[in-house]
Amino acid sequence: MGLRSWLGNKFIDAAIQKDAEIGGRYVLPSQSGRTYLKPTQIKQFIKRYTGWVYACANRNAINCAQVPLNLFVSKPESTSGNSRFRKRKADKETVNYLRSSPVIKKYIIRALEIEEILEHPFIDLIQNVNEFMNGFELLESLFLHLELTGNAYWFIERDNLGKPIEIWPLMPQYMKPIPHRHKFILGYEFTINNTEKFVYEYDEVIHFKYPNPQDPILGMGKLEACIISADLSTEMNVYEASLLKNSGRPDMALVLPPEAG
């Protein structure tokens, strides 16, 4: 039985309250040692997407989204049989790079051959993710959400056979993982305006997140790490703009009595 059929709003609230202490506490103190913003206020990070925050986060997201994605298969033995997918043998430079990667090498440590897959349903899906978005836009939103909030979510739409057919990015300011004492994460709750709630099953959503030493469930974005500096820059710009609109005259006057002269 899926989450949608037996998770009502009351059960969701009860599960969150009951299991929050088991799954992790939603308290993120800032660098100053006081609670500045909590994960329940992630939308505040999105609102700060202006000025230097916009310039930095946007540039990082675009640069990361431009990195080409390649699909490889490692073979434990040399074979020359036919494959349903078109592929080619990876060149020596690529193989050396893959074997030197601390993330990848553990998956290919026993591979005798490494081949690049040129045609595959995953490649088609990641390039044409849905009818309104292409692969670049999907990756751009992924990295932008990570930069601003430390979290990004993809909903995977599947056909009747369970095959992924579409990917939809979900706005992190409306997403909240549902912690569980045994499964760690039971699912994900999508809430808009505290009225409309929808619960995704655990395997329907891919949760990307930056490491967070203060919370095992939610990631920590770069903006959160420098939130005070970002706010200080914004407030200074607002003050200078208001001062210029007033022709440089402060909203005060210093009046001295006649005997003071």
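Residue 188 is checked against (1) under 18 Å from residue 209 (Cα atoms); (2) in contact (Cβ under 8 Å) with a residue 40 or more places away in the chain and fails just one. What number does that condition carry?
Residue 188 satisfies every listed condition except (2).
Could you tell me how many of the residues in the range 46-70 are open to solvent by less than 70 Å² (accessible area, probe 1.4 Å) and not in a loop (DSSP other than H, G, I, E, B)? Break it down into steps so the answer makes sense when it comes.
Filtering the range 46-70 down to residues open to solvent by less than 70 Å² (accessible area, probe 1.4 Å) leaves 46, 48-49, 51, 53, 55, 57-58, 60-62, 64-65.
Going one step further and asking which of them are not in a loop (DSSP other than H, G, I, E, B), we end up with 46, 51, 53, 55, 57-58, 60-62, 64-65.
The number of residues fulfilling the criteria is 11.
Let me spell it out: the conditions are (1) among the acidic types (Asp, Glu); (2) farther than 28 Å from residue 226 by Cβ; (3) open to solvent by less than 60 Å² (accessible area, probe 1.4 Å), and residue 196 meets all of them except one. Which number is the exception?
Condition not satisfied by residue 196: (3).
Just checking, how many residues over the range 220-237 are exposed (fewer than 14 other Cβ atoms within 10 Å of the Cβ) and of a type in the set (Val, Ile, Thr)?
1
For (1) under 29 Å from residue 129 (Cα atoms); (2) at pLDDT 90 or above; (3) part of a strand (DSSP E or B), each residue gets a yes or a no:
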residue: 178; (1), (2), (3): yes, no, yes
residue: 185; (1), (2), (3): yes, no, yes
residue: 211; (1), (2), (3): yes, yes, no
residue: 223; (1), (2), (3): yes, no, no
residue: 249; (1), (2), (3): no, no, no
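Please pick out the residue among 237, 194 that is at pLDDT below 80 and in a helix (DSSP H, G or I).
On the way: 194 fails: in a helix (DSSP H, G or I).
Every option except 237 fails the conditions.
Looking at the range 15-22, is at least one residue more than 20 Å from the chain's Cα centre (by Cα), under 29 Å from residue 222 (Cα atoms), open to solvent by less than 50 Å² (accessible area, probe 1.4 Å) and modelled with pLDDT of 80 or more? Give the derivation first.
To start, the set of residues in the range 15-22 that are more than 20 Å from the chain's Cα centre (by Cα) comprises 15-22.
Next cut, under 29 Å from residue 222 (Cα atoms) only: 16-17, 19-22.
After this cut, where a residue has to be open to solvent by less than 50 Å² (accessible area, probe 1.4 Å) as well, the list is 16, 19-20.
Of the ones still in play, those that are also modelled with pLDDT of 80 or more are none.
Within the range 15-22 (the criterion being more than 20 Å from the chain's Cα centre (by Cα), under 29 Å from residue 222 (Cα atoms), open to solvent by less than 50 Å² (accessible area, probe 1.4 Å) and modelled with pLDDT of 80 or more), the answer is no, since none of the residues qualifies.
Are any of the residues in the range 238-248 touching a helix residue (DSSP H, G or I) at 6+ places or on another chain (Cβ under 8 Å) and either farther than 30 Å from residue 156 by Cβ or open to solvent by less than 70 Å² (accessible area, probe 1.4 Å) (or both)?
Step one: list which residues in the range 238-248 are touching a helix residue (DSSP H, G or I) at 6+ places or on another chain (Cβ under 8 Å), which gives none.
No - not one qualifying residue is present in the range 238-248.
Out of the residues in the range 152-176 meeting the condition of being assigned to a strand (DSSP E or B) and basic (Lys, Arg), tell me which one is nearest to residue 211 (Cα to Cα). Give the derivation first.
As a first pass, look at the range 152-176 and keep what is assigned to a strand (DSSP E or B): 152-158, 164-170, 175-176.
Now restrict to residues that are basic (Lys, Arg): 158, 176.
On the way: 158: 29, 176: 17 Å.
Taking the candidates together, the pick is 176.
Kindly indicate whether residue 165 is open to solvent by 30 Å² or more (accessible area, probe 1.4 Å), touching a Lys or Arg at 6+ places or on another chain (Cβ under 7 Å), in contact (Cβ under 8 Å) with a residue 40 or more places away in the chain and of a type in the set (A, V, I, L, M, F, W, C).
Details: open to solvent by 30 Å² or more (accessible area, probe 1.4 Å): yes; touching a Lys or Arg at 6+ places or on another chain (Cβ under 7 Å): yes; in contact (Cβ under 8 Å) with a residue 40 or more places away in the chain: yes; of a type in the set (A, V, I, L, M, F, W, C): yes.
Yes.
The values are calculated or read from the model by the stated rules, or taken from the named source; none is laboratory data. Not measured: the values here are computed from a predicted model. Using ideal geometry, Cβ is built from the backbone for each residue, glycine included, and neighbour counts are taken over all protein chains shown. What goes into the accessible areas is simple: the full protein's heavy atoms, side chains included, and nothing from ligands, DNA or RNA. Shrake-Rupley method; radii C 1.70, N 1.55, O 1.52, S 1.80 Å.
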